[in-house]
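Contents: one structure, followed by commentary.
The values are calculated or read from the model by the stated rules, or taken from the named source; none is laboratory data. Being a predicted model, the structure only gives us computed values, none of them experimental. Heads up, the Cβs are rebuilt from the backbone with ideal geometry, glycines too, and the neighbour counts pull from every protein chain shown. For accessibility, only protein heavy atoms count, side chains too; no ligands or nucleic acids. Shrake-Rupley method; radii C 1.70, N 1.55, O 1.52, S 1.80 Å.
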Amino acid sequence: MKKPEFNLVRLLETVFGELKGKRVAVFIDLEKPRDIVDLKFLKNPRWAVQTRAYAIFYQGLKAQPKLGLESVGFYSYQLTGGSNLDLPRTVFDLEGNELGLQDDVLPKLDLVLYIGTYSATAPVTAIAKKMGFRGATMHGVNEAILNSGLAVDYRTVSRKAEAFRKALTRSNSADIEFERRRKKFSLHIDLAGQEAQKSHGLCPQPGDIANLPAGEVYFV
């Protein structure tokens, strides 16, 4: 079977649907967010994830005029130091202007892509629910992730995730049997009848945020 290959347009059109007329922006985290000016961060190998965010996602969208996007922005913000910590109140654009995240930037966007060292899923989700934009968070993106978890068809992933969610929701327990290095193991998970949730990668409604790669069932 042929291995899937990453395709930016296919990924975004699957996750978000129609892109025409949308205002999109890519956000990265940097130790010195002003290093976005003159693309200084591209010269530092430490920021490989941020470099991919610029080269593959931002430049990739800029190179697709047929998509009919209204705008494509690129912003940096101060590294938070950990996943899902509160985001800084300000961001920097490519010209070095410091802007208010919720006052100046997010109100003018339809779709956001947060690609950095640390996951921004929790804070972005909280803001999106209030403001109505949609988006995806993809921390730690590397070549392996691009050509595996970000190269799949999320419509198929969503259907499978929903099947597992239905099977597991309100269950008392689950038993998993697996084999590793010719040894057999079993795992018993006490679920206590909780409602199952799914992270399935599709964002059709205002306020939806996907943490990509997706495709898991979980319990809060």
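3J(HN,Hα) couplings calculated from phi for the stretch 61-69 with the Karplus curve 6.51 cos²θ - 1.76 cosθ + 1.60 (θ = phi - 60°) are, in sequence order, 6, 4, 8, 10, x, 5, 5, x, 5 Hz; Gly and Pro show x. Label-to-label distance for ASP153 and LEU39 is 3.5 nm, based on points extended 7 Å past Cα in the beta-carbon direction.
The spacing between the stretch 17-62 and the stretch 140-184, judged by their C-alpha centroids, is 29 Å. The C-alpha radius of gyration of the stretch 32-78, expressed as a fraction of 2.2 N^0.38 Å, stands at 1.24. For the chain, averaging the sequence separation of C-alpha pairs within contact (under 8 Å, six or more residues apart) and dividing by the residue count gives a relative contact order of 23 percent.
Peptides 28-38, 14-24, ordered by how many other C-beta atoms sit within 10 Å of their residues on average, highest first, read 28-38, 14-24.
Taking the Kirkwood radius as Rh and the Cα radius of gyration as Rg, the chain has a ratio of Rg/Rh equal to 1.01.
Only the Cβ atoms of Lys and Arg (+1) and of Asp and Glu (-1) were treated as charged; on that basis the dipole of the chain about its Cα centre amounts to roughly 780 debye.
Dipole of the stretch 1-145 computed with +1 at Lys/Arg Cβ and -1 at Asp/Glu Cβ about the Cα centre; of LEU30, THR125, GLY100, farthest Cα towards the positive end is THR125. Solvent-accessible area per residue in the stretch 23-98 equals 53 Å², computed with a 1.4 angstrom probe and all protein chains kept.
Between the beta carbons of ALA167 and ALA126, assuming R0 = 25 Å, the FRET efficiency works out to 0.25 to the nearest 0.05.
Volume of the convex hull of the stretch 1-92 (Cα atoms only), normalised per residue: 151 Å³. Straight Cα distances below 17 angstrom link LYS62 to the lysines LYS20, LYS22, with same-chain residues fewer than 8 positions distant left out. When peptides 137-144, 170-177 are ranked by their average number of other Cβ atoms within 10 Å per residue, the highest-first order is 137-144, 170-177.
Kindly give Rg over Rh for the stretch 65-188, based on alpha-carbon atoms, with the Kirkwood expression for the hydrodynamic radius. On the Cα set of the stretch 65-188, Rg over Rh gives 1.08. Looking at the stretch 112-205, the accessible area is 60 square angstrom per residue; that uses a 1.4 Å probe and ignores ligands, DNA and RNA. Just the protein heavy atoms count here, and of the accessible area of the chain at 1.4 Å, carbon and sulfur take up 49 percent.
At an R0 of 30 angstrom, the distance between the Cβ atoms of ASP104 and ALA192 translates into a FRET efficiency of 0.10. In the stretch 123-200, the alpha-carbon atoms span a convex hull of 167 Å³ per residue. Taking the longest Cα principal axis of the chain as reference, the axis of helix 154-168 is set at about 40 degrees. Normalised by residue count, the stretch 15-55 yields a Cα convex hull volume of 98 Å³ per residue.
Protection proxy ranking, highest mean first, for peptides 161-167, 65-71: 161-167, 65-71, where packing is the per-residue count of other beta-carbon atoms within 10 Å, averaged.
Whole-Hz Karplus values for the stretch 47-60 come out as 9, 5, 5, 5, 5, 5, 4, 6, 6, 8, 8, 5, 5, x Hz, taken residue by residue from phi with 6.51 cos²θ - 1.76 cosθ + 1.60 and θ = phi - 60°; glycine and proline positions read x.
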